[in-house]
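Below you'll find the structure, written out as structure tokens, and then a few comments.
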Amino acid sequence: MNMHLFKKILRKTISVFCICGRCPSYPKKKEPKTYCEFGKSEFDVKKRGCVCPECFVWKINRFKDYYYCEKGKDPRSKI
């Protein structure tokens with residue numbers, strides 16, 4: 001299996017647990033989420049609060065930061 005296909009499958013699997021879409025800062029555009037694992041949004045993000053600490057993906061990876069939608073993926077991400 002090539003790496004691109006593997007990452008696509010992994011993103012789909014992880015996104016089931018992602019709560020970025022409920023975040024008040026989410027840009028409300030149709031785009032892939034799980035920013036802590038895959039990188040920042042391609043749209044402008046207006047900081048209106050952050051739900052990262054409530055997210056299973058954030059907790060299981062023991063991430064510590066916030067606003068991944070603006071900054072990009074966590075350096076501890078293994079993806």
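Remarks
- Count - residues of region 11-28 that are more than 15 Å from Ile60 (Cα to Cα) and in a helix (DSSP H, G or I): 5
- Test: residue in region 16-30 that is surrounded by 15 or more Cβ atoms within 10 Å (Cβ to Cβ) and free of Cβ contacts under 8 Å to residues at least 24 places away in the same chain: no
- Selection within region 48-79 - among the basic types (Lys, Arg) and either at pLDDT 90 or above or in contact with a helix residue (DSSP H, G or I) (Cβ under 6 Å, 6 or more places away or on another chain) (or both): Arg48, Lys59, Arg62, Lys64, Lys71, Lys73
- Qualifying residues in region 47-69 (those that are surrounded by 10 or more Cβ atoms within 10 Å (Cβ to Cβ) and basic (Lys, Arg)) - the one nearest to Lys29 (Cα to Cα): Lys47
- Count of region 49-67 residues which are farther than 14 Å from Arg22 by Cα, aromatic (Phe, Trp, Tyr) and either part of a loop (DSSP other than H, G, I, E, B) or over 11 Å from the mean Cα position of the chain (by Cα) (or both): 2
- Restricting region 30-47 to residues that are under 17 Å from Asp65 (Cα atoms) and either over 8 Å from the mean Cα position of the chain (by Cα) or aromatic (Phe, Trp, Tyr) (or both), the residue that is modelled with the lowest pLDDT is Phe38.
The values are calculated or read from the model by the stated rules, or taken from the named source; none is laboratory data. The structure displayed is predicted, hence computed values, not measured ones. In this analysis, Cβ positions are derived from the backbone assuming ideal geometry, glycine residues included, and neighbour counts consider all displayed protein chains.
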